[in-house]
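Taking it in order: structure first as structure tokens, then the write-up.
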Amino acid sequence: MLVITLLAYGCLIQAIVAAYRFDERTIKDWWQRAGEHCQQVHGHWVGQSRLDLGQVQAGEIKVKMQGRAIWMALAMMVSTRLWLGDAISAHRDKDLIQRLANQIRTVALCRPLLLAVDGLSSYVGAFQRAFRTKLPRWGHTGRARLRPWSEIAIVQVVKQRRAGPTPSPIVRRTTNAGAGDAPAIHLPASGDQALAASVAGRLSALPGLRQHLRPLD
């Protein structure tokens, strides 16, 4: 348990080997088994749940590894800071965002929902495809119709880059991803600056997140 705790906080395997004289292959095996167990527990308790999410924050992090880099997309429920899911890919592409959107859809009840993300254009289409329900075509053949959920809103916070010491302006784009009106969920009263910090900071500032993804080799 102590070794797993050290790994979770970003301690290098080589440091653990030097301190506790464990074989490096043993530590890697413990790490792999602990990760698989955590994934099973999360899938059982969260993946099979149905939650009124209210507001969800999603984002991506570029993790530098030995000789390469990967992208990790992740999402959490704002009110409880519950980790909803993540996806990993070598590329920051539509497939990465779609897999994350599908995980959020799996645990979400059909309720008013606000999705706060960054300016990546893939989010809008991914959420629109994920948050749909099949409607049977009674008396007709062919595939079922897909009806978008109502009251689904996407807020994208885009930081426009400027040269020099002038602070970069922040633009907020709101998209109605559902079939009805945007949900009546109030954004932070302090404005776009607070929302931008919330979206960009809460996910990327999770303690030791990049260290958790250190390569095993």
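The values are calculated or read from the model by the stated rules, or taken from the named source; none is laboratory data. Note that the structure is a prediction, hence the values are computed from the model and not measured. Counting neighbours? That spans all protein chains shown, and the Cβs are built from the backbone with ideal geometry, glycine included.
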Seminar exercise, completed: Counting only residues in the stretch 101-120 that are surrounded by 22 or more Cβ atoms within 10 Å (Cβ to Cβ) and among the β-branched types (V, I, T), the one modelled with the lowest pLDDT is identified as V117
Seminar exercise, completed: If we take the stretch 1-95, then helices (runs of 4 or more DSSP H) inside it with 3 or more residues that are surrounded by fewer than 12 Cβ atoms within 10 Å (Cβ to Cβ) are 13-20, 24-45
Problem set entry | From Q156, Q98, residue being among the polar types (S, T, N, Q), in contact with a Ser or Thr (Cβ under 8 Å, 6 or more places away or on another chain), at pLDDT below 90 and not in a loop (DSSP other than H, G, I, E, B) | Q156
For this session: Hey, can you tell me all the residues within the stretch 1-42 that are within 26 Å of the chain's Cα centre (by Cα), of a type in the set (S, T, N, Q) and farther than 23 Å from V63 by Cα?
Result: Q40
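Per-residue answers, yes or no, for (1) assigned by TED's automatic domain parsing to the domain that holds S122; (2) touching a Leu at 6+ places or on another chain (Cβ under 8 Å):
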{"residue": "I16", "(1), (2)": "no, yes"}
{"residue": "F22", "(1), (2)": "no, no"}
{"residue": "R25", "(1), (2)": "no, no"}
{"residue": "R33", "(1), (2)": "no, no"}
{"residue": "E60", "(1), (2)": "yes, yes"}
{"residue": "W71", "(1), (2)": "yes, yes"}
{"residue": "V78", "(1), (2)": "yes, no"}
{"residue": "A87", "(1), (2)": "yes, yes"}
{"residue": "R92", "(1), (2)": "yes, yes"}
Problem set entry | Residue check, R50 within 30 Å of G125 (Cβ to Cβ), touching a Leu at 6+ places or on another chain (Cβ under 8 Å) and not assigned by TED's automatic domain parsing to the domain that holds R132 | yes
For this session: Output the residues belonging to the stretch 49-72 that are without any contact (Cβ under 8 Å) to a residue 60 or more places away in the chain, out of contact with any helix residue (DSSP H, G or I) (no Cβ under 8 Å at 6 or more places or on another chain) and not hydrophobic (A, V, I, L, M, F, W, C).
Result: D52, K62, G67, R68
